[in-house]
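No lab work stands behind these numbers, since they all come straight from the coordinates. These numbers were taken from a predicted model, which means no experiment stands behind them. Quick reminder, even Gly has a Cβ in these numbers, built from the backbone with ideal geometry, and neighbours come from all protein chains shown.
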Amino acid sequence: MGLAAAPFVVTAACASGGSESAAPARGKFARRLPIPPLAASTVDDSGVRHFTLTARAGTSEILPGRGTPTWGYGESMLGPTLRARRGEAVAFAIDNELPEPTSVHWHGMHVPARCDGGPHQSIEPGARWEPSWTVNQPAATLWYHPHPHGSTEKHVYRGLAGLFLVDDDTTDTLDLPKTYGLDDIPLIIQDRRFTADGALDESDPTDVGLLGDTIVTNGIAGAHLPVSTGLIRLRVLNGSSGRLYNLGFSDEREFHLIATDGGLLGEPVPLRRIQVSPGERIELVVAAGDGRAVMLRSHPIEGRGGVDRDAAGYGLEDTFDVLELRPDRELLPSRPIPPTLAAVPRLDPATAAAERSFELRWFMINGARMDMNRIDFAPVVGTTEVWTVRNVDNWPHNFHVHDVQFQIVDLDGSPPPPALAGWKDTVYTPPGTEIRLAMRFTDYTDATYPYMFHCHLLLHEDRGMMGQFLVLEPGQRPAPMTMAMPSD
Ligand code: C2O
Ligand code: CU
């Protein structure tokens with residue numbers, strides 16, 4: 001665990017939860033935040049936008065001066081940022097040059113089940129997978145990552161992950177910071193642990209998975225972001241296996257939340273803290289301030305959020321410095337944040353065609369573990385459903401649903417706070433919570449290929465905290481399931 005060579009070691013600080021925060025030390029965040037390149041694409045005569053991705057092994061300098069064996073898409077780790085417009089047809093050629101099967105899942109994207117990239121769309125070593133679909137959802141910050149049954153945590157931990165940005169007419173016209181890499185900054189936050197020789201340490205997962213003692217942003221530890229504009233937009237992905245972040249700034253400045261997983265909120269929400277659990281995305285806009293550096297920081301979670309004290313090493317009481325923002329002395333002016341953002345029409349839970357309930361407990365959902373040959377239920381296309389999710393464990397879990405973006409109807413019986421009132425595909429469910437979700441199934445049906453729902457703490461997912469549903473036409477029957485289950 002010792003990490004003398006790291007430029008930045010997470011401090012087990014602030015046991016008292018005090019918010020007095022020393023100004024960030026300048027030397028520690030010496031490297032500039034890398035910005036994942038925008039993926040190259042070509043548009044063919046019929047208007048289809050084509051991308052290629054190659055999953056392969058490489059070596060990355062996560063720690064300065066150290067080479068760490070990693071996996072990435074084209075890059076030595078992570079992958080290029082994919083970008084497409086609502087209404088656009090996209091097609092992918094994905095090659096697997098890794099020594100083992102993988103898959104590529106489009107987290108948050110509404111895609112046909114056979115293109116979803118879940119455990120049923122395994123790409124063998126040396127093979128190519130070519131999914132295609134038409135993007136049809138509001139502008140959002142989505143992401144892509146492997147989803148092979150039983151080894152998702154390892155594949156993501158080794159570096160396979162990237163962002164997928166969707167644009168639409170609203171984001172075209174809205175006065176938000178939108179110059180990629182200048183005032184619109186992708187920020188993939190992960191935690192990693194290293195062995196003495198600089199390799200990723202994959203040993204000793206806790207019950208919440210592999211936890212790192214080093215925060216890695218866009219693939220490097222100890223990054224700073226030079227800021228040259230008055231306002232800066234951060235598109236944050238928690239790409240960690242199991243860690244929960246409670247983000248804010250070191251000087252407690254206010255920021256505005258403008259989007260969650262599935263897109264823009266109705267209006268900006270002023271906040272000083274926001275929790276982001278694994279798989280979730282947020283977009284926030286913050287003022288660069290008075291020329292002094294400020295730290296984006298994960299703060300202690302009050303009362304550990306009800307999580308069992310046995311969750312040893314989870315770090316819920318700890319402070320993690322994530323990214324130092326270093327504003328120029330002279331800043332380019334930014335337009336003020338618009339007071340209204342996007343229309344978020346509410347789904348009406350009273351119209352639900354079905355209600356379902358899910359109990360999260362000890363690596364199982366409703367007492368069952370994932371079986372690739374078991375379909376748990378089958379919503380009918382064109383209907384709305386209400387799902388009640390209860391965490392009846394002492395452990396943290398969250399809940400992710402493929403195919404749809406959902407809305408939180410209520411949380412322990414109360415309407416969701418404004419930060420949770422928009423489109424979501426993953427929601428944190430601390431111990432003891434009960435949360436109702438409304439979602440609508442549209443467009444795609446398939447009697448053979450299911451969508452997944454699962455805990456997005458990747459170890460929990462791998463250990464079977466996942467189930468499957470088909471979306472069917474009215475009266476349609478599921479096809480028999482004959483998937484080989486990879487043995488662990
Ligand atoms: Cu991001 Cu089923 O996963
Ligand atoms: Cu879990």
Quiz item: Using the per-residue mean of other Cβ atoms lying within 10 Å as a proxy for protection, in what order, highest first, do the peptides 249-260, 408-419 fall?
Solution: 249-260, 408-419
Quiz item: Which FRET efficiency, nearest 0.05, do SER132 and GLU252 yield, Cβ-Cβ r, R0 56 Å?
Solution: 0.75
Quiz item: What's the long-distance tail for the stretch 174-332, i.e. % of Cα pairs beyond 28 Å?
Solution: 22 percent
Quiz item: Shape call for the stretch 313-357 from the C-alpha gyration tensor, a ≥ b ≥ c root eigenvalues: rounded (a/c under 1.5), prolate (a/b greater than b/c) or oblate?
Solution: oblate
Exercise. Would you mind estimating how fast the stretch 284-433 diffuses translationally, via Stokes-Einstein at 25 °C and 0.890 mPa s with the Kirkwood radius over Cα pairs, in µm²/s?
Key: 128 µm²/s
Practice problem: Could you tell me what percent of the DSSP beta bridges with both partners in the stretch 333-488 are antiparallel, to the nearest 5? | Solution: 75 percent
Practice problem: Express the relative contact order of the chain as a whole percentage, based on alpha carbon pairs under 8 Å and six or more residues apart in sequence. | Solution: 15 percent
Quiz prompt | Extended-chain gain in nm, criterion 0.36 nm per residue less alpha-carbon gap, THR482 and GLU124 | solution = 127.1 nm
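Starting from the Cα-Cα distance between VAL48 and THR388, subtract it from 0.36 nm times their residue separation and give me the gain in nm to one decimal.
This chain segment gains 118.5 nm when fully extended.
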Practice problem: Using only the C-alpha atoms of the stretch 32-168, find the volume of their convex hull and express it per residue in Å³. | Solution: 105 Å³
Exercise. Using only the alpha carbons, work out the radius of gyration and Dmax of the stretch 93-194 in angstrom.
Key: 15.6, 46
Exercise. For the stretch 373-448, state what percent of all Cα-Cα pairs lands in each successive 5 Å bin, counting from 0 Å until the bin that includes the largest distance.
Key: 3, 14, 24, 23, 17, 11, 6, 1
Quiz item: What percent do you get for the relative contact order of the stretch 349-469 when only Cα pairs under 8 Å and 6+ apart count?
Solution: 35 percent
Quiz prompt | Theoretical gain in end-to-end length, ARG361 to THR206 [0.36 nm per residue, Cα-Cα removed] | solution = 54.2 nm
Quiz item: If you average 1/r over all unlike Cα pairs in the chain and invert the result, what Kirkwood radius do you get in angstrom?
Solution: 22.7 Å
